[in-house]
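The values are calculated or read from the model by the stated rules, or taken from the named source; none is laboratory data. No experiment lies behind these values; they were computed from the predicted model shown. We place every Cβ from the backbone using ideal geometry, glycine too, and count neighbours over all the protein chains shown.
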Amino acid sequence: MQFQSLPGFREFYPDACARRNHIFGQWKQVARAFNFQEYDAPVLEPLELYIEKSGEEIVGQLFNFEDRGGRSVALRPEMTPSLARLIGAKANSLKRPIKWFNIGEHYRYEKPQKGRLRAFYQFNVDIFGEAGPGADAELIALLVQALRAFGLDSKDFKVRLSDRDLWLLMLAAEGLDEAGSATVLGIIDKLERTDRVKAVEKLAEVLGDEADAFLSRVEKVIAIRDFDTLSAYILNLPLEGDLAEQAKKRLDDWSALLRGINSSGAGDFIQIDLGIVRGLAYYTGFVFEAFEASGEGRALAGGGRYDALVKKLGGPEMPAVGFAMGDVTLEDLLESKKLLTTYIENPDFIAIIGGAEARDAAMGDAALLRSMGYRLDYPLKDQGFGKQFKDANQKGARFALIYGTDEIEKGVVKIRDFSTGAEQEFPRQDLAEIAPELMISGLSVTEG
RNA sequence: GUGGCUAUAGCUCAGUUGGUUAGAGCACCGGCUUGUGGUGCCGGGGGUCGCGGGUUCGAAUCCCGUUAGCCACCCCA
C-alpha cells in the first residue's frame, strides 16, 4: 500500500527543514530583540471559539470534527482567538504593555494553490494593553525588521498602511450609518480585484444613484500616497462637532505613528494606501499589509488594531494590535530573490577508522568531543581509508581524526585539516585541550 | 466549491505514425589493496509509465473515469 501526504500538507526533508528553521530563527531573533515573549497555545480548540469570532461561515474552511467525547473541535486556523483567551483570562495580572509572539502551525481546509496550503506556519506578534499609536509603531517596526532580517530591502517589499477609523469618519461624512459603512468597507476592500461597473452596482444597493460619484471620491482617497494630502483631504470633509474633533485627533495619531515609524528607520518601507481595509470586521483602527514591492503575489503579512476582540471573546476591555506572517509566501519570495541558501551544518570532525581497536579508541574520543558540543561523525561500519576520506569530504567535515594501527600503537591521533591539507599527530589524552584551539586556528601546512 | 493544464526512476526529463525486455543525466549503493580528498574509471539497485476501466492482435502513447499536483476564480482570519 502506497501512502502519500494529505493535500496541502508538507513533508520537510532535512534541507527543507533547515530552510524552515532558518526562517523561524530569524523571526524569533527579531521578536526577542524587540523584547517580545514567546507563548504557545493548543493546536486543537473548541469549534465555538472560531464561530464566536468569525461567524458560522468559517466552519466550511476549518479542519473540524467531533471528538470521542462528543465535543465539536477544530484545528486552529489562526492564533488570535486562543491568544485573546489567554490574555483575557489573566488580563488583570499581566504587566502592560503585553508584548507576545508565537510561531506555530495552522490549518485551513482550503484548496491549495500558490502561496496557500492547508498546513502552514505563522509568526504571530501582538501587543495588548496600549491603545496609543506607539504600540502600532512598535509592531510595524518589528514587522519591517522581521522581513529585513532575511536580506529583503525597500525595493523588495512595502508595508501598505491604512486606517479603518479614518474610513468610518469619511463614510460618516457621506451620511452612512454603521451598518452601511460595514457593507461599503467590504466593497472597498475588494475594489482592487473587482471591475468598476460591478463595484458601482454593489455600492448602489446602499447608496442608490450616488454610487458612481461616491466611488470616484473613494478612488481619489485610495490614490493618496502622502500624509499631507491625506490630512488636507480629511480636514476638508463636511464633518461637524464631535466628528470634526475625532478627525483632528485621528490625524494626530497618524502623525505620531508615522513619526515613530520614521524614527525607527522603517519609513522607507511604508506606503500610505487607504485601499487596504482588510475584510475582517473586528479590525478597529490602523490596518496594514506587507506586500512584495511589485504588488505581485499574496500578502506577506497582515495585521492591525483589534481593540474590541478580547472583550467579545469573554475578556475585559483590552486594546490590542497584532500581525501575522506566513511562512509559505515568505519562502516563495525569498526563493525568488535567491535569499535562501543551504543551511545544512557540516561536522567539525569525522573520524577515520582503521580497524576494531581503532574503532574503540575513536568512539571513546568521539564521546568526549561530542560531550563538549562538537559535531562529530564516523563511519558506522568498517571501510577502506580511501572511501572514508571521500565521505568525510562530501560531508564537508573540517577535520579528520585519523585512527590507524600506527596511531593506536603510539597513543596518538593524527588530525588533518581539510582546508589546508596539513596534518599533525597529538597525544589522544590532549584532545580535549587541543580541540578548542583547532576550531579557532586550524592547522597550517608549516606545522605539518 | 468551480474551471483550465499536467502526471514516465528519489530529482530533471527523453520515449518516433500505437509495435520486442521503457531510456539518459544527476542522486544513491558497491568496487578500483584497510593510509589520504568534492574529480576519474567500472559495476549495481531502483519504474506493473499516478490509479481504475475501455478500444486494439498489441497501449507509456488513443478514449472515459478517478486521484494528486500546478494555475486561476471564490475565499483569504
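Here are some notes:
- Test: residue in the range A:10-33 that is at positive phi, assigned by TED's automatic domain parsing to the domain that holds A:F150, out of contact with any Gly (no Cβ under 9 Å at 6 or more places or on another chain) and of a type outside the set (V, I, T): no
- Only one of the listed residues (A:Y283, A:Y233) is touching a residue at least 60 places away in the same chain (Cβ under 8 Å), in the same structural domain as A:G175 (by TED's automatic domain parsing) and among the hydroxyl-bearing types (S, T, Y). That residue is A:Y283.
- Matching residues in the range A:337-387 - criterion: being loosely packed, with under 14 Cβ neighbours inside 10 Å and closer than 17 Å to A:F418 by Cβ: A:I344, A:E345, A:N346, A:F385, A:G386, A:K387
- Qualifying residue in the range A:258-270 (condition: assigned by TED's automatic domain parsing to the domain that holds A:G322, aromatic (F, W, Y) and not in a helix (DSSP H, G or I)): no
- Pairs linking a residue in the range A:201-230 that is closer than 13 Å to A:E174 by Cα to a residue that is among the aromatic types (F, W, Y), with Cβ atoms under 6 Å and 6 or more positions apart or on different chains, are A:L207/A:F214.
- Just one of the listed residues (A:L191, A:L185, A:L203) is within 37 Å of the chain's Cα centre (by Cα) and within 19 Å of A:A308 (Cβ to Cβ), and it is A:L185.
- Of the strands (runs of 3 or more DSSP E) that lie entirely inside the range A:324-434, those containing 1 or more residues that are away from RNA strand B (no atom under 12 Å from the Cβ) span A:349-353, A:423-427.
- Cβ-Cβ contacts under 8 Å between residues 6 or more apart (or on different chains), taken from a first residue in the range A:382-397 that is under 20 Å from A:G442 (Cα atoms) and assigned by TED's automatic domain parsing to the domain that holds A:T420 to a second residue that is small (G, A, S) and more than 6 Å from RNA strand B (Cβ to nearest atom), are listed as A:F389/A:A400; A:A392/A:A400.
- Restricting the range A:156-193 to residues that are part of a loop (DSSP other than H, G, I, E, B) and free of Cβ contacts under 8 Å to residues at least 60 places away in the same chain leaves a set whose member that is farthest from RNA strand B (Cβ to nearest atom) is A:G175.
- Among the residues of the range A:1-58, the one identified as of a type in the set (K, R) and either in contact with a His (Cβ under 7 Å, 6 or more places away or on another chain) or without any contact (Cβ under 8 Å) to a residue 12 or more places away in the chain (or both) is A:R32.
- Of all residues in the range A:145-179, those being within 27 Å of A:A232 (Cβ to Cβ) and hydrophobic (A, V, I, L, M, F, W, C) number 11.
- Of all residues in the range A:277-295, those that are part of a loop (DSSP other than H, G, I, E, B) and either among the β-branched types (V, I, T) or away from RNA strand B (no atom under 12 Å from the Cβ) (or both) total 6.
- Test: residue in the range A:411-420 that is closer than 21 Å to A:A361 by Cβ, assigned by TED's automatic domain parsing to the domain that holds A:K387, over 47 Å from the mean Cα position of the chain (by Cα) and without any contact (Cβ under 8 Å) to a residue 24 or more places away in the chain: yes
- Within the range A:296-323, the set of residues being free of Cβ contacts under 8 Å to residues at least 40 places away in the same chain and within 13 Å of RNA strand B (Cβ to nearest atom) comprises A:E296, A:A299, A:G302.
- Matching option when the condition is crowded, with 21+ Cβ neighbours inside 10 Å and modelled with pLDDT under 95, among A:L313, A:L309, A:L280: A:L309
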